[in-house]
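Notes follow the structure.
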Amino acid sequence: MLVATSELTSAEKLIIQRRRDGSTLPEAAKKRKVSVTVYRGWEQGGEGAPSVAVGKLSDQEQCVVKRLRAGISVRELAKRMKLSRWWVRQMETGAVPVDGLRDYWSKK
């Protein structure tokens with residue numbers, strides 16, 4: 001299940017960094033001195049995304065990257081796992097143990 005940091009795209013690194021900072025998209029855009037539209041484009045894989053270092057990924061971050069790469073929303077993942085969106089978010093943020101998500105993605 002492990003995703004190596006070296007395998008991350010610039011967009012994935014930006015998303016991980018923003019999640020770690022606890023920033024909203026507008027806050028992250030302001031910090032980078034770009035418009036929200038430009039920043040959103042970077043997070044969606046657009047051209048010109050800055051390179052950021054993120055280091056080792058936590059289990060929660062591994063699961064977020066897996067979900068993003070699968071192209072599914074938290075809502076869809078919750079539906080597939082027969083859980084609430086709230087509970088999936090709790091696992092993705094590390095507020096509760098991530099075991100359920102780790103098990104889910106290890107089977108994919």
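Overview of results
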quantity: Members of segment 72-97 found to be at pLDDT 95 or above and on the phi > 0 side of the Ramachandran plot, listed by number; calculated: LYS82
quantity: Failed criterion for VAL74 (all others in (1) of a type outside the set (Ser, Thr, Tyr); (2) farther than 21 Å from SER106 by Cα; (3) touching a helix residue (DSSP H, G or I) at 6+ places or on another chain (Cβ under 8 Å) hold); calculated: (2)
quantity: Selection within segment 60-84 - over 15 Å from ILE15 (Cα atoms) and either among the charged types (D, E, K, R) or assigned by TED's automatic domain parsing to the domain that holds GLN17 (or both); calculated: ARG75, GLU76, LYS79, ARG80, LYS82
quantity: Test: SER35 is at pLDDT 95 or above, of a type in the set (Gly, Ala, Ser) and over 15 Å from the mean Cα position of the chain (by Cα); calculated: yes
quantity: Output for segment 39-53, where each listed residue is closer than 18 Å to GLU27 by Cβ and either surrounded by fewer than 16 Cβ atoms within 10 Å (Cβ to Cβ) or of a type in the set (Lys, Arg) (or both); calculated: ARG40, GLN44, PRO50, VAL52
quantity: Within segment 88-108, considering residues that are without any contact (Cβ under 8 Å) to a residue 12 or more places away in the chain and either more than 14 Å from the chain's Cα centre (by Cα) or within 17 Å of LEU2 (Cβ to Cβ) (or both), the one surrounded by the most Cβ atoms within 10 Å (Cβ to Cβ); calculated: VAL96
quantity: Matching residues in segment 13-38 - criterion: being hydrophobic (A, V, I, L, M, F, W, C), surrounded by fewer than 16 Cβ atoms within 10 Å (Cβ to Cβ) and farther than 21 Å from THR93 by Cβ; calculated: VAL36, VAL38
quantity: Residue match in segment 2-14 (condition: within 14 Å of TRP105 (Cα to Cα) and of a type outside the set (Ser, Thr, Tyr)); calculated: yes
quantity: Boolean, ALA49 is touching a Leu at 6+ places or on another chain (Cβ under 9 Å) and either within 20 Å of ILE16 (Cβ to Cβ) or part of a helix (DSSP H, G or I) (or both); calculated: yes
quantity: Near pairs, Cβ below 6 angstrom, 6+ apart or cross-chain, from segment 24-52 (more than 14 Å from ALA11 (Cβ to Cβ)) to any residue that is of a type in the set (Gly, Ala, Ser) and surrounded by 12 or more Cβ atoms within 10 Å (Cβ to Cβ); calculated: VAL36/ALA29
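The values are calculated or read from the model by the stated rules, or taken from the named source; none is laboratory data. Only a predicted model underlies this, so the values are computations on that prediction, with no experimental measurement involved. Every residue, glycine among them, receives a Cβ derived from its backbone with ideal geometry; neighbour counts consider all protein chains shown.
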